[in-house]
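Before any comments, here is the structure.
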Amino acid sequence: MNGAKKALLACIALASGAASFIYLFVWTRLLALSFGDTPGTTAATLAVFFAGLAIGAWACNRLASRHGQSSFTILAALEIATGLYGFASLWILRGVELLYLSAYPSFFQHPTVVEGVRLFMTALAILLPTILMGAFVPLLSNSWPTNTAKIVSGFGAVVGWCMLGAAGAAAALIYLLLPALGLTFSVLLGAALNILAGSAVFMLVSRLPTIVAVEHSSPRANLAVENPSGDRAEAVLMSVGFVVLGFSSAIFGTSCVRLLAMVMGASVYVYSALIVVVLAAVGIGSMVYARAERSTEEHQRRLAALECGLAFAAALSLVILPRIPFLYLHYFPLFRNSFGRQIAVYFVVAGLVGLLPSLVLGAAFPATIGSVRESATQAGGKIGTCCAAYATGAAAGMLLSGLAISMIGLHGAMTFSVAITAVLGSATWWRERAPHQSHFKLRAVAALLLVCILHIWPVTWPREVFAAGIGIDAQELGQESVSDVLSGMRLVYYRDGAASRPEPFLPL
């Protein structure tokens with residue numbers, strides 16, 4: 001019976017992940033139409049979305065400790081409530097747009113006020129449903145049929161299926177749903193998925209009442225607290241680390257998306273390729289890591305290695321990025337006249353840049369859960385806390401990414417995110433291994449990590465290569481090399497207060 005229950009919960013996780021991404025994509029587009037299609041509007045939408053997920057996961061932490069036996073019923077109610085809000089969201093967004101337009105003349109001369117009002121209006125429109133969505137992963141993980149020793153396996157599976165559902169929704173939206181149905185019917189489809197998922201959970205409760213009651217009255221939901229102060233400190237440290245990880249991932253991902261758009265064109269197909277690759281890789285990494293049983297100490301050691309590996313993989317992407325324009329233009333004649341080949345190239349480039357870091361990041365999710373001792377909190381609460389921590393860091397990163405890019409540039413922002421991830425990994429490793437290793441070994445490993453990162457660091461990173469926007473004008477470039485093109489253009493830059501952007505190049 002556990003196998004059937006796992007299969008049903010996997011389908012529910014797939015549907016929840018797909019619906020959540022549909023909402024995110026469609027709401028981002030609709031809010032851009034209302035407030036202006038600017039990086040600030042997109043960053044505000046993403047920040048509010050992740051902030052809502054953080055609040056929902058934190059609230060689920062409280063629910064897990066007080067209503068553990070009702071988690072199935074709560075999950076079903078939240079799924080259906082989210083679906084109902086999805087159906088109503090088109091009217092809600094339209095009302096927010098009218099409110100914004102009516103108030104706009106009174107503050108349009110103050111850019112800071114404009115950004116603040118947009119953020120408030122965005123939160124007014126989508127914060128409530130994202131709070132509901134934030135509880136999905138903790139509740140699904142707490143409901144996964146497994147024992148206390150295998151809670152990491154359940155969490156990894158739920159995260160994996162949710163991410164794969166989101167990746168599938170991203171591909172379906174761009175290539176099928178939007179061309180055939182448009183934004184309106186796409187968001188209605190997402191709402192229908194939530195309603196179906198909630199109905200499936202209610203069916204599970206009605207068909208398996210005995211199993212559900214036994215599982216939620218087991219020691220897994222009522223764990224004894226052996227060393228509350230030490231375990232609480234350990235949980236706090238892991239949560240802070242997850243906040244930092246979410247923050248650095250958001251800044252690196254935002255910068256990477258902007259760079260690829262500058263090279264291959266700011267089209268929805270370029271964005272979707274990177275999104276699909278990243279989401280699928282995160283899901284696969286989470287599921288693969290969670291398959292093996294490990295002790296808390298083993299999880300902690302592997303988490304330190306994964307964080308250092310994530311910094312290394314992101315730094316490796318910085319080596320690949322400056323070479324993409326040259327390779328793109330060199331092989332452009334091979335896919336010039338084929339839309340399918342161009343899409344394939346977008347996925348290849350996205351894989352080169354985002355596949356390895358995303359796989360490592362996905363594995364870090366269950367590793368973090370396993371690194372917190374079981375007695376620190378109840379299983380569902382532990383998952384909710386970690387999910388809230390990562391989403392909080394991601395929300396802050398999305399909100400501040402535009403400021404970071406405008407102050408230190410794209411390369412500087414990506415370098416900063418790599419550096420803080422490397423520091424996080426080193427700190428995690430130091431805390432775990434310091435009591436068992438000599439200072440000589442500690443210094444040796446730290447020096448090796450630093451040498452590895454510096455060794456692969458690019459010596460030069462010409463911004464002209466990206467500012468040229470090679471992908472936008474590749475049709476007219478013929479057989480010219482990137483160097484020839486750059487030598488015959490004058491690049492004009494301007495600042496819009498949120499980010500530095502290149503103007504289209506002007507021939508000399």
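Filter the range 289-348 for residues that are within 23 Å of Gly154 (Cα to Cα), outside any helix (DSSP H, G or I) and either open to solvent by 60 Å² or more (accessible area, probe 1.4 Å) or touching a residue at least 60 places away in the same chain (Cβ under 8 Å) (or both) and give the result. Residues satisfying the conditions are Ala290, Arg291, Glu293, Arg294. When the residues of the range 364-392 are filtered to those that are at pLDDT below 75 and of a type in the set (S, T, N, Q), the one that is least open to solvent (accessible area, probe 1.4 Å) is Ser375.
Within the range 34-58, being open to solvent by 40 Å² or more (accessible area, probe 1.4 Å) and small (Gly, Ala, Ser) holds for no residue.
Any residue at all in the range 134-156 that is at pLDDT 85 or above, among the β-branched types (Val, Ile, Thr), under 22 Å from Ala197 (Cβ atoms) and open to solvent by 20 Å² or more (accessible area, probe 1.4 Å)? Within the range 134-156, one or more residues are at pLDDT 85 or above, among the β-branched types (Val, Ile, Thr), under 22 Å from Ala197 (Cβ atoms) and open to solvent by 20 Å² or more (accessible area, probe 1.4 Å).
Looking only at residues that are under 16 Å from Gly86 (Cα atoms) and open to solvent by 10 Å² or more (accessible area, probe 1.4 Å) in the range 104-132, which one is farthest from the chain's Cα centre (by Cα)?
Per the criteria, the residue is Leu124.
Can you name every residue in the range 384-409 that is within 16 Å of Leu245 (Cα to Cα) and aliphatic (A, V, I, L, M)? Result: Ala388, Ala389, Ala391, Ala394, Ala395, Ala396, Met398, Leu399, Leu400. Quick check: is even one residue across the range 153-162 over 13 Å from Ala13 (Cα atoms) and part of a helix (DSSP H, G or I)? The answer is yes, given that some residue of the range 153-162 is over 13 Å from Ala13 (Cα atoms) and part of a helix (DSSP H, G or I). For the range 326-345, the count of residues that are touching a Lys or Arg at 6+ places or on another chain (Cβ under 8 Å) and at negative phi is nonzero.
The condition of being within 20 Å of the chain's Cα centre (by Cα), surrounded by 24 or more Cβ atoms within 10 Å (Cβ to Cβ) and either at pLDDT 85 or above or within 24 Å of Ser153 (Cβ to Cβ) (or both) holds for only one of Leu31, Leu75, Leu14, Leu24, that being Leu31.
Ala235 meets each of the listed conditions (1) part of a helix (DSSP H, G or I); (2) open to solvent by 30 Å² or more (accessible area, probe 1.4 Å); (3) modelled with pLDDT under 85 apart from (2).
Restricting attention to the range 238-258, does a residue exist that is open to solvent by less than 50 Å² (accessible area, probe 1.4 Å), at pLDDT below 70 and either part of a loop (DSSP other than H, G, I, E, B) or more than 30 Å from Cys11 (Cβ to Cβ) (or both)? No, the range 238-258 contains no residue that is open to solvent by less than 50 Å² (accessible area, probe 1.4 Å), at pLDDT below 70 and either part of a loop (DSSP other than H, G, I, E, B) or more than 30 Å from Cys11 (Cβ to Cβ) (or both).
Quick one: in the range 267-278, which of the residues that are in contact (Cβ under 8 Å) with a residue 24 or more places away in the chain and open to solvent by 30 Å² or more (accessible area, probe 1.4 Å) is nearest to Phe365 (Cα to Cα)?
Filtering the range 267-278 for residues that are in contact (Cβ under 8 Å) with a residue 24 or more places away in the chain and open to solvent by 30 Å² or more (accessible area, probe 1.4 Å), the one nearest to Phe365 (Cα to Cα) comes out as Val278.
Of the numbered criteria (1) at positive phi; (2) surrounded by 24 or more Cβ atoms within 10 Å (Cβ to Cβ), the one Gly182 fails is (2). Looking only at residues of the range 192-204 that are surrounded by fewer than 24 Cβ atoms within 10 Å (Cβ to Cβ) and small (Gly, Ala, Ser), we find that the one that is nearest to Cys387 (Cα to Cα) is Gly198.
Restricting the range 35-46 to residues that are touching a Ser or Thr at 6+ places or on another chain (Cβ under 8 Å) and not hydroxyl-bearing (Ser, Thr, Tyr) leaves a set whose member that is farthest from Pro111 (Cα to Cα) is Leu46.
The values are calculated or read from the model by the stated rules, or taken from the named source; none is laboratory data. On a predicted model such as this, the values are computed, not experimentally measured, just so you know. Glycine gets a Cβ as well: all are built from the backbone with ideal geometry, and neighbour counts include every protein chain shown. With ligands, DNA and RNA removed, areas are computed over all heavy atoms of the protein, side chains included. Shrake-Rupley method; radii C 1.70, N 1.55, O 1.52, S 1.80 Å.
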